[in-house]
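As structure tokens, the structure follows; a few thoughts come after it.
The values are calculated or read from the model by the stated rules, or taken from the named source; none is laboratory data. No experiment lies behind these values; they were computed from the predicted model shown. Using ideal geometry, Cβ is built from the backbone for each residue, glycine included, and neighbour counts are taken over all protein chains shown. Only protein heavy atoms, including side chains, enter the accessible area calculation; ligands, DNA and RNA are left aside. Shrake-Rupley method; radii C 1.70, N 1.55, O 1.52, S 1.80 Å.
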Amino acid sequence: KNEVEQSPQNLTAQEGEFITINCSYSVGISALHWLQQHPGGGIVSLFMLSSGKKKHGRLIATINIQEKHSSLHITASHPRDSAVYICAASSPSYQFYFGTGTSLTVIP
Amino acid sequence: KAGVTQTPRYLIKTRGQQVTLSCSPISGHRSVSWYQQTPGQGLQFLFEYFSETQRNKGNFPGRFSGRQFSNSRSEMNVSTLELGDSALYLCASSTLTGGASPLHFGNGTRLTVT
């Protein structure tokens, strides 16, 4: 069993749609990270969460520590949001666990 | 501020050889972590260094090793290369250890083992 599970694996949306990507984890965490990877490999850190909710532009990330669950929301999706989104848990024992990623395609 | 720099960008090696990859973190960042990314396994944690000390290591054989220098630059070494070591190797730097601060990734080194 993977320590971090993400869903869905693939997601296709029409431009303007509201998108949700889910992440469940089974390990104790010091923080939960949401990463974005565009074709070509570069990874960008979108959010780092240890509690509550964070917002940056059209992106919102939430975490429920008791339920060991986090969500990434994209409001008013745009084709430039097309990328792979990866959930990562960092543990107090300095380990990192990654989800398998959600491949998002936003169609104009 | 300059970003995280990884060198080289591409590398082709033969089975049995060894390879050294380099990562220069953002100025002021003391943590450097390394990851392997493959189509089959996705992203996997290799190890993290903070102030020249290895904090932890992922589930990889002893052929994978690393070190960090006093200027926070880090190198990882893979000895006795196997075909399965072909992957994108990424490093990330951060101000705090253990993922307690945002990770800043380099563009990676794509290693091909033939």
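Quick look at the values:
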quantity: Complete set of residues in region A:28-64 that are farther than 30 Å from residue B:6 by Cα and touching a residue at least 24 places away in the same chain (Cβ under 8 Å); calculated: A:28, A:63
quantity: Selected residue [farther than 28 Å from residue B:14 by Cβ and away from every other protein chain (no Cβ under 13 Å)] from B:48, B:82, B:52; calculated: B:52
quantity: Residues within region A:74-105 that are open to solvent by less than 40 Å² (accessible area, probe 1.4 Å) and within 14 Å of chain B (Cβ to nearest Cβ), tallied; calculated: 14
quantity: Given (1) within 14 Å of another protein chain (Cβ to nearest Cβ); (2) farther than 25 Å from residue A:29 by Cα, number of the condition residue B:103 does not satisfy; calculated: (2)
quantity: For residue A:23: the one exception among (1) within 13 Å of chain B (Cβ to nearest Cβ); (2) out of contact with any Phe, Trp or Tyr (no Cβ under 7 Å at 6 or more places or on another chain); (3) under 24 Å from residue B:34 (Cβ atoms); calculated: (1)
quantity: Options B:3, B:40: the member that is under 21 Å from residue A:89 (Cβ atoms) and within 13 Å of another protein chain (Cβ to nearest Cβ); calculated: B:40
quantity: Selection count where residues are within 14 Å of another protein chain (Cβ to nearest Cβ) and surrounded by fewer than 14 Cβ atoms within 10 Å (Cβ to Cβ), scope region B:55-71; calculated: 1
quantity: Any chance residue B:100 is of a type outside the set (Phe, Trp, Tyr), modelled with pLDDT under 95 and within 22 Å of residue A:32 (Cβ to Cβ); calculated: yes
quantity: Matching residues, region B:1-46, being part of a strand (DSSP E or B), of a type in the set (A, V, I, L, M) and in contact with a Ser or Thr (Cβ under 7 Å, 6 or more places away or on another chain); calculated: B:11, B:12, B:21, B:32
quantity: From the options A:45, A:71, residue that is within 14 Å of chain B (Cβ to nearest Cβ), surrounded by 13 or more Cβ atoms within 10 Å (Cβ to Cβ) and polar (S, T, N, Q); calculated: A:45
quantity: Filtered residues of region B:59-69 (kept if assigned to a loop (DSSP other than H, G, I, E, B) and at pLDDT 95 or above); calculated: B:60, B:61, B:62, B:63, B:69
quantity: Hits in region B:9-30 (condition: within 15 Å of residue B:66 (Cα to Cα) and touching a Lys or Arg at 6+ places or on another chain (Cβ under 8 Å)); calculated: B:19, B:22, B:23, B:24, B:25
